[in-house]
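Colleague: Sending over a structure as structure tokens; questions will come in a sec.
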Amino acid sequence: MLTAPTAEYKESMEISPITVCILTAGQGARMGDYSDYVNKALLPINKKAIISHIIEKFPSQSKFVIGLGYFGNQVRHYLKIAHPTHDFCFIEVDNYEGPGSGPGYSLLCCREALQVPFYFVSCDTLWEEELNFSLNHNWLGTDKVPTQKSQNYCNFEVHEQRVVAIRDKEYVEGEQYQTFIGLCYIKDFKIFWDALEITDRIAGEHQISNGILGLIENATTQAYHLKW
């Protein structure tokens with residue numbers, strides 16, 4: 001069973017910073033008219049930008065690698081003002097809306113800054129629980145969605161907590177399937193990067209699915225259920 005991190009472990013994480021990658025490059029067209037004026041990572045929930053909610057889920061001494069693209073200067077300026085003591089590494093994504101773009105491509109742009117085990121978070125992913133930072137293996141954050149909406153998401157087949165297959169943007173049904181929430185820990189980053197270089201497109205975009213598939217096929221990768 002996954003347990004909450006101890007106070008001692010949290011303290012150790014403050015001494016040994018962890019690395020977190022948050023991608024903000026995409027246009028966020030699903031946000032409707034809001035995306036014409038602001039990056040979706042800056043949209044407020046409870047009077048606080050989404051990206052601030054994410055940052056506050058991690059130890060304050062973490063290193064944050066931020067992929068910038070659409071309204072990138074908004075994100076850069078906001079983070080410097082709202083979180084002046086945090087360590088940010090800003091990466092410019094050159095293609096964030098044309099052919100071949102997508103979260104997979106944006107993440108590859110950040111590759112040089114992520115040559116260590118790291119956490120990946122989509123800039124619109126929010127979850128309720130505190131993360132267990134003592135977990136030292138590849139894991140993929142998951143939750144359940146209604147079966148009739150499963151084709152809109154990246155889904156994993158899970159057996160005894162281990163992820164054994166991926167079904168991205170496909171209809172799936174059965175208790176063995178769980179949905180990726182856009183949060184994961186990449187322990188075996190070399191395996192991940194090698195697999196992510198495969199540029200197959202899903203729903204017209206370069207997704208991170210190939211990198212995840214590399215972890216599933218070549219390393220132990222577990223599902224970590226979180227309330228999305």
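The values are calculated or read from the model by the stated rules, or taken from the named source; none is laboratory data. Source: prediction; values computed, not measured. Cβ atoms come from the backbone with ideal geometry, glycine included; neighbour counts cover every protein chain shown. Ligands, DNA and RNA are stripped out before the accessible areas are found, and what is left, the full protein with its side chains, is counted by its heavy atoms. Shrake-Rupley method; radii C 1.70, N 1.55, O 1.52, S 1.80 Å.
Colleague: Rounded if a/c is under 1.5, else prolate if a/b beats b/c, else oblate: with a ≥ b ≥ c from the C-alpha gyration tensor eigenvalues square-rooted, which is segment 24-152?
Modeller: Rounded.
Colleague: Related question: Of Ile81, Ile198, Tyr224, which is farthest on the positive side of the dipole of the chain, counting Cα position, with +1 on Lys and Arg Cβ, -1 on Asp and Glu Cβ, and the Cα centre as origin?
Modeller: Checked the options; the winner is Ile81.
Colleague: Could you tell me whether segment 96-141 comes out rounded, prolate or oblate from its Cα gyration tensor? Rule is a ≥ b ≥ c as square roots of the eigenvalues, rounded for a/c under 1.5, then prolate if a/b exceeds b/c, otherwise oblate.
Modeller: oblate
Colleague: Using a Gaussian network for the chain with springs between C-alpha atoms less than 10 Å apart, which of these wobbles most: Gly174, Gly104, Gly67?
Modeller: Ranking Gly174, Gly104, Gly67 by mean-square fluctuation puts Gly174 first.
Colleague: Also, I was wondering about something else. Which pairs break 23 Å Cα to Cα here: Lys40/Lys63; Lys57/Lys190; Lys40/Lys227; Lys169/Lys190?
Modeller: Lys57/Lys190; Lys169/Lys190
Colleague: Using the Kirkwood formula over every pair of different C-alpha atoms, what hydrodynamic radius in Å results for segment 55-124?
Modeller: So the Kirkwood estimate lands at 13.0 Å.
Colleague: For Asp87, what residues show an amide H to amide H distance below 5 Å, using hydrogens built from the backbone and excluding near sequence neighbours?
Modeller: Phe64
Colleague: How much accessible area does Lys57 have with a 1.4 Å probe, in Å² rounded to the nearest 10?
Modeller: 60 Å²
Colleague: Using the Kirkwood formula on the Cα atoms of segment 71-228, what hydrodynamic radius do you get, in angstrom to one decimal?
Modeller: Mean inverse Cα-Cα distance, inverted, gives 16.6 Å.
Colleague: Going by accessible area, probe 1.4 Å, with all protein chains left in place, what is the ranking of Val164, Val121, largest first?
Modeller: Per-residue accessible area, sorted high to low, gives Val164, Val121.
Colleague: Using a 1.4 angstrom probe on the protein heavy atoms only, could you order Val38, Val75 from most to least accessible area? Write out the running numbers ahead of the final one.
Modeller: On the way: Val38 35, Val75 0 Å².
I get Val38, Val75, largest accessible area first.
Colleague: Then there's this: For Glu130, tell me the accessible area in Å² from a 1.4 Å probe, rounded to the nearest 10.
Modeller: 110 Å²
Colleague: In segment 49-92, whose amide N lies under 14 Å from the spot 7 Å out along Cα-to-Cβ of Val116? List them in ranges.
Modeller: Flagged as within label range: 59-66, 87-89.
Colleague: Any idea of Leu140's accessible area? Nearest 10 Å², probe 1.4 Å.
Modeller: Its heavy atoms expose roughly 0 Å² to the probe.
Colleague: In whole Å, largest first, what are the principal axis extents of the Cα atoms in segment 141-189?
Modeller: 33, 21, 14
Colleague: Summing +1 for each Lys or Arg and -1 for each Asp or Glu, what net charge is found among the other residues whose Cβ lies under 11 Å from the Cβ of Gly182? Numbers along the way, then the final one.
Modeller: Values: positive: none; negative: Asp124, Asp143.
Cβ neighbours under 11 Å give a net charge of -2.
Colleague: Still on this structure, I have one more. Hey, if we sort Cys154, Cys109 by accessible area with the 1.4 Å probe, largest down, what's the order?
Modeller: Cys109, Cys154
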